[in-house]
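Trainee: The structure follows.
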Amino acid sequence: MLPRTRLSIALAALSVAAVSTLSLASASATAPKPSYFSAWSNRYPGSLSAANAACQLCHEQTNGHEPWNGYGWDLRELILSGGMGIDQALAAVEGNDSDLDPTGSTNLEEILADAQPGWTDGANNTLYFEDGTTMMNVNPPAGLGGDLDPPVGGCGGAATGNYCSSAPFSTGLSTITVSPSEVSITANPTLTASANNLPDQPGIFIAGPAQAAIPFFNGTLCIAPTGLQRFSTVNVPSAGVVVQSFTIADAAAGGLLVVADTTYNFQRWNRDPAGGGGAANFSDGFAVCFTP
């Protein structure tokens, strides 16, 4: 998700007190750390994460101090124990998943999504105290703005793209691509399937709702037989490459039986007399997410 540009406006609405009490130092520290807040804002000028949480970006309490959430604790440890400055610490924790949210997003991914790098939904948070003790299974503070975690994405976050490697054809290992890999079914969009390293022999694209890995012909059938559909068009690759555009309605007899917010899987079957054995083989598989 692209960063937004409204942070400067949102920060103007924060009270001076809220800014002045944002502290990543120890709970006994009396000096406020507005410089930390400024450093964070300067590093992520397009994010609303800080505007939606103020001091609770890193702390449980609205006035800062202990306890810290996972993000605040990670920063605190690098600053106090690791001797880093705030800019170094911010950069160092960007690749962490401090809140262990169910999307598995890094802190940077959450910040760029205007989410909270230190909080996740439900009683799934851990608080950290200055004496080294922790409190687990804690709900996030009430009143935080925006989403705590980035959106999961279409199809429940199911993976799209290539899966299930098959054996090579006599001409090499074939890879299939279907573009786009996530698309709405509403407008009956046009997709494009392509495969490479194929013998210049007749073949066909196939599709289905469930994945599999079944030895078949000279390779692997990557789509479960139940619900498997064959495209209506048999075609022959040229110089090992085949490209076919299709829609949900016209790809196969009766149309592809896709269901909104689920993945549908595609593969290429092609004759391969030179490969011996079953004289045919498959590309790998490719999963596409069809959203509402």
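Trainee: Which members of region 201-220 meet the condition of being surrounded by 15 or more Cβ atoms within 10 Å (Cβ to Cβ) and either within 19 Å of GLY172 (Cβ to Cβ) or more than 28 Å from the chain's Cα centre (by Cα) (or both)?
Mentor: GLN201, GLY203, ILE204, PHE205, PHE216, PHE217, ASN218, GLY219, THR220
Trainee: Okay, next question. Being β-branched (Val, Ile, Thr) and over 21 Å from ASP200 (Cβ atoms) is the filter here; which residues of region 238-263 pass it?
Mentor: Of everything in region 238-263, those that are β-branched (Val, Ile, Thr) and over 21 Å from ASP200 (Cβ atoms) turn out to be THR247, ILE248, VAL258, VAL259, THR262, THR263.
Trainee: Give just the number: which of (1) assigned to a loop (DSSP other than H, G, I, E, B); (2) touching a Leu at 6+ places or on another chain (Cβ under 8 Å) does LEU256 not satisfy?
Mentor: (2)
Trainee: Pairs needed: first member in region 232-245, without any contact (Cβ under 8 Å) to a residue 24 or more places away in the chain; second member anywhere, surrounded by 12 or more Cβ atoms within 10 Å (Cβ to Cβ) and not charged (D, E, K, R); C-beta distance under 8 Å; at least 6 residues apart or different chains.
Mentor: These pairs meet every condition: SER232/ALA251; SER232/ALA252.
Trainee: For the structure I just gave you, tell me whether ALA249 is aliphatic (A, V, I, L, M) and within 17 Å of PHE169 (Cβ to Cβ). I'd like the intermediate steps shown before the answer.
Mentor: On the way: aliphatic (A, V, I, L, M): yes; within 17 Å of PHE169 (Cβ to Cβ): no.
Taking the combined requirement at face value, the residue does not satisfy it.
Trainee: Continuing with this model, one more query. Please state which one of GLY208, GLY255 is free of Cβ contacts under 8 Å to residues at least 12 places away in the same chain, in the same structural domain as THR171 (by TED's automatic domain parsing) and farther than 13 Å from SER166 by Cβ.
Mentor: Of the residues listed, the single one that is free of Cβ contacts under 8 Å to residues at least 12 places away in the same chain, in the same structural domain as THR171 (by TED's automatic domain parsing) and farther than 13 Å from SER166 by Cβ is GLY255.
Trainee: Just need a number here: residues in region 148-164 that are assigned to a loop (DSSP other than H, G, I, E, B) and either hydrophobic (A, V, I, L, M, F, W, C) or surrounded by 16 or more Cβ atoms within 10 Å (Cβ to Cβ) (or both).
Mentor: We begin by selecting, within region 148-164, every residue assigned to a loop (DSSP other than H, G, I, E, B); these are 148-153, 158-160, 164.
Filter once more, keeping what is either hydrophobic (A, V, I, L, M, F, W, C) or surrounded by 16 or more Cβ atoms within 10 Å (Cβ to Cβ) (or both): 148-150, 152, 158-160, 164.
Of the residues in that region, 8 qualify.
Trainee: To continue, here is another question. Please give the number of the condition ASP250 fails out of (1) closer than 22 Å to GLY157 by Cα; (2) of a type in the set (Asp, Glu); (3) free of Cβ contacts under 8 Å to residues at least 24 places away in the same chain.
Mentor: (1)
Trainee: In this structure, does SER81 turn out to be more than 22 Å from the chain's Cα centre (by Cα), closer than 22 Å to ASP131 by Cβ, modelled with pLDDT under 90 and polar (S, T, N, Q)?
Mentor: It is false that SER81 is more than 22 Å from the chain's Cα centre (by Cα), closer than 22 Å to ASP131 by Cβ, modelled with pLDDT under 90 and polar (S, T, N, Q).
Trainee: Another one. Within region 253-292, restricting attention to residues that are farther than 26 Å from VAL236 by Cβ and β-branched (Val, Ile, Thr), which residue is surrounded by the fewest Cβ atoms within 10 Å (Cβ to Cβ)?
Mentor: Step by step, filter region 253-292, then rank; the result is VAL259.
Trainee: Within the group THR226, THR186, THR233, THR263, which residue is in contact with a strand residue (DSSP E or B) (Cβ under 7 Å, 6 or more places away or on another chain), among the polar types (S, T, N, Q) and either more than 22 Å from CYS155 (Cα to Cα) or not in a strand (DSSP E or B) (or both)?
Mentor: Details: THR226 fails: in contact with a strand residue (DSSP E or B) (Cβ under 7 Å, 6 or more places away or on another chain); THR186 fails: in contact with a strand residue (DSSP E or B) (Cβ under 7 Å, 6 or more places away or on another chain); THR263 fails: either more than 22 Å from CYS155 (Cα to Cα) or not in a strand (DSSP E or B) (or both).
Among THR226, THR186, THR233, THR263, only THR233 is in contact with a strand residue (DSSP E or B) (Cβ under 7 Å, 6 or more places away or on another chain), among the polar types (S, T, N, Q) and either more than 22 Å from CYS155 (Cα to Cα) or not in a strand (DSSP E or B) (or both).
The values are calculated or read from the model by the stated rules, or taken from the named source; none is laboratory data. Everything numeric in this text was worked out from a predicted model, so none of it was measured. Here the Cβ is made from the backbone with ideal geometry for all residues, glycine too, and neighbour counts use every protein chain on show.
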